[in-house]
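First up is the structure itself, then whatever we jot down about it.
The values are calculated or read from the model by the stated rules, or taken from the named source; none is laboratory data. Because the structure is predicted, anything quoted here is derived from the model rather than measured. Note: ideal-geometry Cβ built from the backbone for every residue, glycine included; neighbour counts use all protein chains shown. For accessibility, only protein heavy atoms count, side chains too; no ligands or nucleic acids. Shrake-Rupley method; radii C 1.70, N 1.55, O 1.52, S 1.80 Å.
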Number of protein chains: 2
Amino acid sequence: MIIDCHGHYTTAPKALEHWRQRQIASLSDPASAPSAADLRISDDELRESIENNQLKKMRERGLDLTIFSPRASFMAHHVGDFGTSAAWAAICNELCHRVATLFPDHFAGAAMLPQSPGVDPRTCLPEIERCVRDYGFVAINLNPDPSGGFWREPPLSDRHWYPLYEKMVELDIPAMIHVSTSCNACFHTSGAHYLNADTTAFMQCLTGDLFQDFPTLRFVIPHGGGAVPYHWGRFRGLAQELKKPPLDHLLKNIYFDTCVYHQPGIDLLTKVIPVDNVLFASEMFGAVRGIDPETGHSFDDTRRYVDATASLSENDRRKIYEGNVRRVYPRLDTQLRARGL
Amino acid sequence: MIIDCHGHYTTAPKALEHWRQRQIASLSDPASAPSAADLRISDDELRESIENNQLKKMRERGLDLTIFSPRASFMAHHVGDFGTSAAWAAICNELCHRVATLFPDHFAGAAMLPQSPGVDPRTCLPEIERCVRDYGFVAINLNPDPSGGFWREPPLSDRHWYPLYEKMVELDIPAMIHVSTSCNACFHTSGAHYLNADTTAFMQCLTGDLFQDFPTLRFVIPHGGGAVPYHWGRFRGLAQELKKPPLDHLLKNIYFDTCVYHQPGIDLLTKVIPVDNVLFASEMFGAVRGIDPETGHSFDDTRRYVDATASLSENDRRKIYEGNVRRVYPRLDTQLRARGL
C-alpha cells in the first residue's frame, strides 16, 4: 500500500473559515466569541469536500491512505492567546477526526496543537491525549515558531519543549515539525518560512543533545527537509566542526518526507538520505497545486518522481511508500494490522 | 583561469578582532572608542595571513583569483549604531583593499556595507563609492537582515533598498546577498541563518517586481542558493500560482554560487540551474573547514565537484569558472583585460 504521511485538510467547508473569522473578530469583544457548537458542518459536506478533492486525487495517483492534519497555514498560533488556540485546535482536530471516521480506509488523523507564543507547551498535553486516546490520531504537528515568523521560542532542543517530548514518548507518536503562516513580511509562508523552518529545526537538533535525553523521539521534517539534503555535505562538515557525532546519529530520530516537487530534487533526496529515513508524502493539496508545464503533471504528484527514481529498488520503494511510515507511526501500524493490513 | 567569487578575509591578524572588541566595549563609554589609526597591521602580517592560508589553498586547488570581502559573520551590523558600522566597515574594507594591492593577481575586493538596523541604506553610499572608485572593488555584500536573525527590515523588493540599487546600477556592480552572524538562538549562523537568508532573498525577488524597476540589477545568491535549486519545482509552481512570470525571468538578474559541499548537491545545482547562472565559489575558509572522511578532501574544495560533474561540457566549466563571473562582475573583467587577461 502507499501511505502519504503529509496531508492537510485544506479543502474544509467554508463554514470553518467563517467560524475562525468570527473568533478573530471576537478577540476585541470576547462576548461575541463563537462556541464550538456554532460550527455546523454535516457529514455530507465533509464527504463532498474530501471525495471531490483529496480522495479523488489519491485514487488517480494510487495512494491508499493519508495522514491527515488541520491546514498548516491556518493554525496561526500567533492569533489571540492560549484559549483562542485551544478552541481553534479542538475544532480543527475534530473535523479531521470526522473525516478519518467517514473514510477509515483512507485517512488517519494527526493533531494540530493549541500552541500560543510564550505559553508553556505543557498546556498542549490535554489536546494530545484527547486526539490520540479518543480519536485514534497517530501523530502531532509541532510548530517550532508559534509567533509566525519572528522565532521567539527557544530551539527545539531546549527543555522548554520537554513536556511535549515526554508525552510523545509515552504515547509512541512522532511529530512533524511544521510552522504555520508567516506574519513577517520578509518570509513568504510556503516559499520561505516553511523551508527555513525545516532547515532550522534540523540544525537545532544537530547542535543540541535532545536525542540523548529522548532516544526514541521521532521528528519528521517535511518539505524534503528544507535545504538539508541539498547541503548534506555542509551539515556533515558542521557536525564534524562542532565535535558532534556524524549525522547518521541524527537519523535514528529524524525522517524526511518527499514533498519535493521535481525529479532532480527527489533524485538527490533519495541518493543522499538513507532510504530508511525517507517517508512518502505529497502535501496535496498544499502550496503548489498547479500542473508543471515541463511534465504535464501536477507538481505535487510526488509518486511519479519516486516511481521514476532509477536508483531505488522495489524494496526501497516499499519502504518509502509504506514500511518506513508504519515504523515511524506505530499507532498507524497497529490500526492497519487490526484491519488485517 | 578560475575565479572564486566568494571568499572572506576570515584569517585577518588577531589585531583586527582586538580592535573590534575595544570598539564594542566602548559602546557604553564612547570616550574610549578606538580610532582607525589605533589598528596597526603591517604588510608583512597581511602577507603572512594570506600566503599561509587562502593563497596556499588556491595554489593547491588551481584557483587563480578570489573576490575577497570582509568576514561575513564579523560584519555584525546589529552592533551599535550607524557610526559603529561605518568605522568597522571602513577598517575591514581597507584591509581587503590592502590584500588586493599586495596580491593584485589573486584578489579583487568586494565591500562590506556599514548597514545598521532601521537606518536608511542611503547612508551606505559613500562607503560604496569609496570602495569602488578609490579601491577598485568590484562588488558589494548586501545584508538583507542587519538585525542579525530577527528580520526587521523590509524585503529586498521594497523601495527602502532602492538607493542602493540605483548606485549599483550606476557603478555596474553586483551584490552578493549575505547575512552576518545570528543573534537569534533559533538560528545557527552558518547552518541555518545563511541558508534561510538565501532562500528568503530568492522568494522576495520572486514575489516582488524589483527587476522590472532595475532590469540590469544583479544579485548573487550564495551557498548554492540556499534551498532554492533543490526545490526548483516548488518555486516554479509558486511562481505559476502567484501569476508571476516563469522563473527564467529571474535568471536575468539572479545568479547562484557553487558553495555546496558535496558532489550530489553540485550535480543538482548544475542540472537544475542554467549554466550561465552558476558562478564558481568555495567560501574558503568559511563555515566548513574540515576534511570530508568520505572523500579524503576538504568539504569546501568545490573545484573537485565541478570538475567531476559529468553532465558539464568543457565550455560549461569555462563559463562557471570564469566567463560568468566576468560577465556578472564587469569591473573585474575590465581590470583583467587591462592586464591582458
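Annotations
- The trypsin sites (Lys or Arg not before Pro) found in the range B:203-303 that occupy coil by DSSP, while having at most 15 further C-beta atoms within 10 Å, are B:Lys243, B:Arg289.
- Sequence of B:Asp105, A:Asp333, A:Asp172 from largest to smallest accessible area, 1.4 Å probe: B:Asp105, A:Asp172, A:Asp333
- In this structure the amide hydrogen of B:Asp257, modeled in the peptide plane, comes within under 5 Å of the amide hydrogens of B:Ile221, B:His223, B:Gly224, B:Gly225, B:Leu279, none closer than 5 places in sequence on its chain.
- Solvent-accessible area buried by B and A, counting both chains, probe 1.4 angstrom, square angstrom: 4600 Å²
- Overall Cα dimensions of the protein assembly as shown - principal axes, largest extent first, Å: 76, 56, 48
- Sites listed here are GluC sites (Glu not before Pro) in the range B:250-320 whose DSSP assignment is loop and whose Cβ has at most 15 other Cβ atoms within 10 Å: B:Glu294.
- Across the range B:244-293, C-alpha contacts under 8 Å between residues 6 or more apart give a mean separation that, scaled by the residue count, equals a relative contact order of 41 percent.
- Overall, the range B:1-76 carries a charge dipole of about 180 debye about its Cα centre when +1 sits on the Cβ of Lys and Arg and -1 on the Cβ of Asp and Glu, all other atoms neutral.
- The range A:252-279-the range A:323-337 distance, computed between alpha-carbon centres (Å): 19 Å
- Between the C-alpha center of the range B:1-23 and that of the range A:94-145 there is a gap of 50 Å.
- By the rule of a C-alpha distance below 26 Å, with chain neighbours fewer than 8 residues away ignored, the lysines paired with B:Lys319 are B:Lys56, B:Lys57, B:Lys252, B:Lys271.
- Taking amide H as placed 1.01 Å from N in the peptide plane, the amide H of A:Ser298 sits under 5 Å from that of A:Asp292, each at least 5 places away or on another chain.
- Other-chain or far-sequence residues with amide H under 5 Å of B:Ala108's (modelled H): B:Thr66, B:Ile67, B:Phe68
- Selection from B:Gly286, B:His262, B:Pro274 lying farthest towards where the dipole of the range B:251-295 points positive, charges on Cβ: B:Pro274
- Selection from A:Ser116, A:Asn93, A:Ser49, by position along the positive dipole direction of the range A:45-131 (Cβ): A:Ser49
- Per-residue 3J(HN,Hα) values for the range B:203-214, derived from phi via the Karplus relation 6.51 cos²θ - 1.76 cosθ + 1.60 with θ = phi - 60°, read 5, 4, 5, 5, 7, x, 10, 3, 7, 6, 7, 10 Hz in sequence order (x marks Gly and Pro).
- For the range B:166-174, Karplus couplings with θ = phi - 60° (6.51, -1.76, 1.60), whole Hz, Gly/Pro x: 4, 5, 4, 5, 4, 8, 6, 10, x
- Evaluating 6.51 cos²θ - 1.76 cosθ + 1.60 at θ = phi - 60° for every residue in the range A:3-14, the Karplus couplings come out as 10, 9, 8, 9, x, 10, 7, 7, 10, 4, x, 4 Hz, glycine and proline recorded as x.
- DSSP-assigned coil residues among trypsin sites (Lys or Arg not before Pro) in the range B:28-117, each with at most 14 further Cβ atoms within 10 Å: B:Arg40
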